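The values are calculated or read from the model by the stated rules, or taken from the named source; none is laboratory data. Note that the structure is a prediction, hence the values are computed from the model and not measured. Positions of Cβ are generated from backbone atoms using ideal geometry, with glycine treated the same way; all protein chains shown enter the neighbour counts. To get the accessible areas, we keep the full protein, side chains included, count just its heavy atoms, and leave off ligands, DNA and RNA. Shrake-Rupley method; radii C 1.70, N 1.55, O 1.52, S 1.80 Å.
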Amino acid sequence: MGRQQQQEEDMSALLPDDVLAAVLRRVAPQGLAACRCACRSWRALIDGRRLLRADLLPHSLAGFFLCYNELDLPEFLARPGADLAGYTLPRATVVQDHCNGLVLDWHGVLNPATGRRAYLPDPPPLPALPEEYFIEYGHLAFDPAESPHYQVFSVPSVLPAAFGRGMVAADPAADPAVHAAVSRSEWPPSPLVLSVFSSRTGRWEERISLLEDTYRVIKPPKEIEALRGQSLVTLGRSQKGVYIAFIDSKRHLCVWTFDDDARDKMDWKQRYRCDLSGLALATPRRYGRWILQNANNSRDEGGNGNDDEGVLALAGQETEWDSDDEDILGTEDAIQGRYGFTILGFHPYKEIVFLHTSFRGLAYHLKSSKLEDLDDLYPKNYNDVAGFCARIENAFPYTPCWMGEL
């Protein structure tokens, strides 16, 4: 701690807590979030007095963003009781990452709740890596309760063997040079220097190296590592921290959580292995259903991007989605999914995995093995656009945030 910062903290200690709380209560939420990071005593006071408005923080699941093949606009699936405030993403958005209400695409960072966007400068070139075999993916880090600023980590990744830079076909069997270069690639290389963009400084910086032992490389569970990209793997945050999951060839939902209790040996711990083959579908109940926004359909018809029927349905739902005993499906309601199950994402605060099969949205409770019907995920008139190519390409849970720079 610097001398000046220590003196300022000592000065604030002279004020009684009630007086300091009265002063901080007048600070705007974004400034209050910054004050919370000033020192431990201020953080304890702000948290203890609950001065930071909880409704401005990303503490409630509003729904899911769903990106469909052949549709320009991502759709929003709103949960019962959520405020359908017109959460939208720009046309042809390709999502790289999301974190606590912010979304990262190839152009910058945006906040669907406020509609604000910040464009990012191009990251520096990859250091000491053959660019034709590597590509950089952005990863977003943002916690408005800690700071109003966000960071973007540019992480180089080995391209799939069948593709080169610019998605040009490069079959390793036909191009021995490509195969040899990828096979010799040490991953992660040592040292590994990552470029990090900070919204505080507005520029990219080389900040991390494995030689400095600042960050640790954590391999996935052995079962997932053995897949070698042959199955879709979902990584996300839920009730107990970081989760990773996939569905194997026998329709078993396998879920691990990251165990960092033992500092000397941080590893994955398998928590659930659920058989999905016997799960059933049912006709949804109209009360308490989730609502698909149908933004593409209403925009085409000159509307405001929202499905009027869906908005009215949500307006009539005054209670929040309970997720404990609503629309629970039983084996007597069986209509088996024809094409298997795909993971949409994790509930950020409850041990629930969201799935879909044949465009039917489901919520699977890991602890109780209960299954909930979320309703149809097939947008209006989608078949006219996509036909047999209809599919959900990307999905992620959305928790609105009304704080921070955006």
Residue that is surrounded by the most Cβ atoms within 10 Å (Cβ to Cβ) [pool: residues in the range 47-79 that are at pLDDT 80 or above, part of a loop (DSSP other than H, G, I, E, B) and not hydrophobic (A, V, I, L, M, F, W, C)]: Pro74
Members of the range 218-249 found to be open to solvent by less than 90 Å² (accessible area, probe 1.4 Å), among the hydrophobic types (A, V, I, L, M, F, W, C) and in a strand (DSSP E or B), listed by number: Val233, Val242, Ile244, Ala245, Phe246, Ile247
Residues of the range 80-120 that turn out to be open to solvent by less than 20 Å² (accessible area, probe 1.4 Å), at pLDDT 85 or above and touching a Phe, Trp or Tyr at 6+ places or on another chain (Cβ under 7 Å), as a count: 6
Selection from the range 364-403 of residues that are touching a residue at least 40 places away in the same chain (Cβ under 8 Å) and farther than 18 Å from Glu75 by Cα: Tyr364, His365, Leu366, Ser369, Lys370, Leu371, Glu372, Asp373, Cys401, Trp402, Met403
Within the range 382-400, considering residues that are surrounded by fewer than 23 Cβ atoms within 10 Å (Cβ to Cβ), in contact with a strand residue (DSSP E or B) (Cβ under 8 Å, 6 or more places away or on another chain) and of a type in the set (A, V, I, L, M, F, W, C), the one modelled with the highest pLDDT: Phe396
Any chance Pro379 is at pLDDT 85 or above, open to solvent by less than 50 Å² (accessible area, probe 1.4 Å) and assigned to a loop (DSSP other than H, G, I, E, B): yes
Residue in the range 348-355 that is within 23 Å of Thr114 (Cα to Cα) and at pLDDT below 50 present: no
Residue in the range 320-327 that is under 29 Å from Glu146 (Cα atoms), modelled with pLDDT under 80, among the hydrophobic types (A, V, I, L, M, F, W, C) and touching a Pro at 6+ places or on another chain (Cβ under 6 Å) present: yes
Hits in the range 334-346 (condition: surrounded by fewer than 22 Cβ atoms within 10 Å (Cβ to Cβ) and modelled with pLDDT of 90 or more): Thr342, Ile343
